[in-house]
Every structure is written in structure tokens, then in C-alpha cells.
Amino acid sequence: MGDASAGERIAAVTSGIKRAARLARRDPGEIRLIAVSKGQPTEAILPLIRAGQIDFGESKVQEAQRKWPSLLKGDLVLHLVGRLQSNKARAAVGLFDVIHSVDRAGLVDALADAMARERRRPDCFIQVNLGDEPQKGGCTVSELPRLVKRCAEAELPLVGLMCVPPMDLEPAPWFALLAKLARRDRLEGLSMGMSVGYETAVMIGATHVRVGTALFGERV
Ligand SMILES: *Cc1c(COP(=O)(O)O)cnc(C)c1O
């Protein structure tokens, strides 16, 4: 990261997003940059908040519970981008504004129950495990239609699909596949693209890019 300030790093990623959006004839205002602060201490997060960053992402509920209550203020938006256990659904609903990792029927039910109890309704994305990778969360492509239906039955506020594509292959075809699945199910949100590949994701229709390393440097 060299000595670039938080503001400069945000500006660099934002200009990459704008350029990709322009090339794809998209409105850059449709795309939200989520700063993924997992593994980062609050001292690393504060400069980004001061520089005006609004959306932040964490991958673990417990880590977020430790870090965020003292940081949250005003219009900050907190996203859960990592795997969620059903027994943490209520804590997640209480803390996060958006949940990107809904991936099974049991979790849909746990979230619906938690939303009723907490009287909060975070937007939800279904995570799809496009490459059928056993170590990753996400439903399979064939499970997706049933899970979308389950979300509708449970009245979960489902806004889109999310993916973390296989690392060893070009990401673009996976992004295109996720976009196609979202169109089929008439979902507008597409949470895809990380530090490597966010411009590509924007060209293919991402509405939310999740960027960690390019904004914070390497995780400790
Ligand atoms: C860590 C993480 C990111 C950010 O990854 P970088 O490569 O650091 O940009 C995005 N999405 C998810 C789900 C992650 O776990």
C-alpha cells in the first residue's frame, strides 16, 4: 500500500469503479463500494470512516460485535459477507444492515425468526457457490430456485445474489453466470468482485463490490 492515505486508496478504487461503469454504460451511482475490514483493527478502520467511507463489511459476527458498536454512527452501513451459523442469526440481525451470505433453508428460517424478534429487517443476498467448492459457503446453482422460494415464503427481504468465485480461474464467466441467475429470478442486487476483479465485476453488472486489501493493505 506504500504511504497512500485512506482517502487516496478510496479515491483510487472509486475511480476504478467509475471507469468500469462508464465503459459499460452504467451509472456509477448504482454501485456501492463495501470496505471489507475483517482482520483489521479499529485504528485501521477509523481513517476510512473519516475519509467518508460509508459501507463496511465483516466476515465474522463475533469480530464485528467486538469492533463495531463503538464505531457505528450516523449513516454507516454494516454488511456481513462471511458464513453465518443459525445460532448467530439473532446477533447478526441485531448488528448488520445487510447480510450477503444466506445459503440454506435452515438459515432462512432462523433469520426470519430473528427479524421478527429484533424488529429489524436487514436486506439479504443469497450466496451461490458457483464453483461447487466444498470449503466455501453458498448454495449450489441447482438449490438456488428452491432457496429463493423459501425466502419469499419466509418474507425475507431478498435483494440479490452474491458469489466468491474460484480463485484459480478468470472471474468474468462466474460473474456473468451470477448475473444470469439473478435476472432469471428477477433480483436486482449483485454482490460480486473483490480487490482483484472489481472493475470486471462492475462491467458485468455488480451493484456491490467487496474490497478489502486494496483499501486496507494486507490483513494482519
Ligand atoms: C475477505 C473478503 C473480501 C475482500 O477480499 P480482498 O481480496 O481483500 O479484497 C470480499 N468478500 C468476501 C466474502 C471476503 O471474505
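Every number in this text was worked out from the coordinates using simple rules, so none of it is lab data. For clarity, every value in this text was computed on a predicted model and none was experimentally measured. Using ideal geometry, Cβ is built from the backbone for each residue, glycine included, and neighbour counts are taken over all protein chains shown.
Numbers at a glance
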{"read-out": "Relative contact order (%) - the chain, alpha-carbon pairs under 8 angstrom, separation at least six", "value": "22"}
{"read-out": "Cα-based shape type of the chain, given that a ≥ b ≥ c are square roots of the gyration tensor eigenvalues and the cut on a/c is 1.5", "value": "oblate"}
{"read-out": "Per-residue ³J(HN,Hα) for the range 98-115, Karplus 6.51 cos²θ - 1.76 cosθ + 1.60, θ = phi - 60°, Hz, x for Gly and Pro", "value": "9, 10, 9, 10, 6, 9, 7, 4, x, 6, 4, 5, 4, 5, 4, 5, 4, 5"}
{"read-out": "Residues with amide H under 5 Å from that of Leu130, placed H, sequence gap 5 or more", "value": "Val164"}
{"read-out": "Which listed pairs, of Lys88/Lys136; Lys18/Lys38; Lys38/Lys73; Lys18/Lys149, have C-alpha distances above 30 Å, in listed order", "value": "Lys18/Lys149"}
{"read-out": "Cα centroid separation, the range 155-169 to the range 188-203 (Å)", "value": "11"}
{"read-out": "Distant-in-sequence amide H partners of Asp123 (H built 1.01 Å from N, under 5 Å)", "value": "Ile99"}
{"read-out": "The range 41-135: relative contact order in percent, alpha carbon pairs under 8 Å with at least 6 residues between", "value": "23"}
{"read-out": "Phi-based couplings in Hz for the range 59-70 (Karplus 6.51, -1.76, 1.60; Gly and Pro marked x)", "value": "9, 10, 4, 5, 4, 5, 5, 6, 8, 8, x, 7"}
{"read-out": "Label-to-label distance, nm, for residues given as Ala44 and Met167 (7 Å Cα→Cβ offset)", "value": "1.7"}
